[in-house]
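Report on the structure given below.
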Amino acid sequence: MCFQSTKNQRYGTWGEYFVFSPGKASVDHPFITTKPGYLSDEQAVACLVPLRVTCANLNKAVFKAMEHTALAKENNQQIKPTPEETLSRKTIVIVGASGATGTVMLQATRHLWPESKRVAICSLSKRNHALENGATHVIPYDEEPNWGSSDLLLQKTDVVVDLVGGDEILEQGKNALRRGGIFETSVGPMRFIGDEGKQSLWSFVQYLTKILGRLIANKWRAGYKYHAGDMSMHANPELYNRLLSEKAIVPEIVSVVDIADLDGIKDSIRQVRLHKTKGRMVFQLHSDSTTIVPT
């Protein structure tokens, strides 16, 4: 499996064979790893983007927050919690947990922190899907829109991972997070950014300004810390390889569509853009049995 920079699109993002010259600027340091034997070709290609985003979000700051040993106060004395108490406080919330990336994120966090509380924020109709893939609790946003203030989460949460975007997610996340917790976003202040095609220059400037402002404010903010995940091709490759080598990830595939089935392709893209799918739509090329995933 191969990730390649978008600097030159004609090389593609996955291939059985990939030849490049390290000295040429046209190929910008591709990330190459062996396809795991336990995954089919379709599953392997369905892993690429969701697992890359997952590993970018599960960075050092998130690991540190999940491994915290915060002190408890009692009678004005600092009391270090027992290991059992510390484990019981490990809570990670995944917003958008029923999508392709959210499903992989649930599987990864279940593997990395099996004793943790993994709270999925998704629609009620996707509840069982989230539980099957690693959630210990589900809060349906369509039944409880103020999920950040729930008894389960309010000021008790170590990490909120945002896979949806929008200021309303941040507001709920701030309610949920404990002091020193991490709000980790792969999307930022614009909900489902990119779904409607090209962004205007002004809206993109506003987007960057908001993100940079929130990152800079971390220095003075006493409560939670705001992080925007590094979505580069090389973010956290060690974790990427570890999760695959330990067989922790099995992406869900909604359908495999023949590349000649134009109606099927159009319907697949429509479902992805409308966020109606629980997994990846895979396109299959019969010429060499190569599969590709729409983005």
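All of the numbers you see were taken from the coordinates with simple rules; none came from a lab. Just so you know, these numbers come straight off a predicted model, no measurement behind them. Reconstructed Cβ throughout: ideal geometry from the backbone, glycine too, with neighbour counts over all protein chains shown.
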Collect residues whose amide H, placed 1.01 Å from N in the peptide plane, falls under 5 Å from the amide H of VAL138; neighbours closer than 5 in sequence don't count. ALA120
Please find the FRET efficiency linking SER125 to ARG221, where r is the Cβ-Cβ separation and R0 is fixed at 45 Å, and quote it to the nearest 0.05. 0.80
Using θ = phi - 60° and the Karplus curve 6.51 cos²θ - 1.76 cosθ + 1.60, what whole-Hz ³J(HN,Hα) does each residue of the stretch 130-142 get, with Gly and Pro shown as x? 5, 5, 5, 9, x, 5, 9, 9, 10, 10, x, 5, 7
Using mean Cβ contacts within 10 Å as the protection proxy, how do 251-259, 160-168 order, highest first? 160-168, 251-259
Name the long-range amide H neighbours of VAL93: under 5 Å, sequence gap of 5 or more, or other chain; modelled H, no Pro or chain starts. VAL119, VAL159, VAL160, VAL161
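So what's the net charge close to SER123: Lys and Arg +1, Asp and Glu -1, counting the other residues with Cβ under 10 Å from its Cβ?
0
If Lys and Arg each add +1 and Asp and Glu each add -1, what is the summed charge of the other residues whose beta carbon sits under 11 Å from the beta carbon of ALA108?
Values: positive: ARG110, ARG118, ARG242; negative: GLU246.
With Lys, Arg at +1 and Asp, Glu at -1, the neighbours total +2.
Using the structure shown, list the pairs from LYS126/LYS225; LYS90/LYS156; LYS60/LYS90 with a Cα-Cα distance above 18 Å, or answer none.
Values: LYS126/LYS225 29 Å; LYS90/LYS156 9 Å; LYS60/LYS90 15 Å.
With Cα atoms farther than 18 Å apart: LYS126/LYS225.
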